[in-house]
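The values are calculated or read from the model by the stated rules, or taken from the named source; none is laboratory data. Predicted model only: the values in this text are computed from it and were never measured. Cβ sites come from the backbone with ideal geometry, for glycine too, and all protein chains shown count toward neighbours.
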């Protein structure tokens, strides 16, 4: 019995949503005299504000001047563990999104030599151009699926850019995590800077 992979299910769901959106637009276009143009996302910039996080209702706020550079955490989703990593780094002049993304992929390959790339695509994070990599590897004998998203994000009040990457790794055999990557995409779609 064939069981579609998590990527096939996510792709099928995304294709169904795109087709429904396309049909809705066609129906709407029949009633609207002029088409409404979609606006490009407005890029958000990183700000030099105090960092903090909320954990189980407790709000931990760091003093101004302390900035997160790496966050590595395990969260629980539908009873299954999800590894989540967020990093930000200074960018040297003339480094491109493509160069930094390739360096991030190379770092992944060094950590997991058996890494298998599933697909790579372009997207936006907080209105900034970004790249996405879906990948697979084994942790011992256990399968793992992951997604890496990387973006060059401007810093408010300056001409400099920062590299921001967000990655997530799950055990695809956990039934509660079958839709995690779609949830991860929705989380990133709502990712804004305040």
Go through the range 172-188 and count every residue that is more than 21 Å from residue 150 (Cα to Cα) and either at pLDDT 85 or above or in a helix (DSSP H, G or I) (or both). 6
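Out of 144, 109, 119, which single residue is in the same structural domain as residue 67 (by TED's automatic domain parsing), surrounded by 18 or more Cβ atoms within 10 Å (Cβ to Cβ) and modelled with pLDDT of 90 or more?
On the way: 109 fails: surrounded by 18 or more Cβ atoms within 10 Å (Cβ to Cβ); 119 fails: surrounded by 18 or more Cβ atoms within 10 Å (Cβ to Cβ).
Answer to the check: 144.
Quick check on residue 83: is it modelled with pLDDT under 90 and either in a strand (DSSP E or B) or under 29 Å from residue 67 (Cβ atoms) (or both)? Break it down stepwise before answering.
Values: modelled with pLDDT under 90: no; either in a strand (DSSP E or B) or under 29 Å from residue 67 (Cβ atoms) (or both): yes.
Here the answer is no, as residue 83 does not meet what is asked.
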Take residue 154 and tell me if it is more than 20 Å from residue 84 (Cβ to Cβ) and in contact (Cβ under 8 Å) with a residue 24 or more places away in the chain. yes
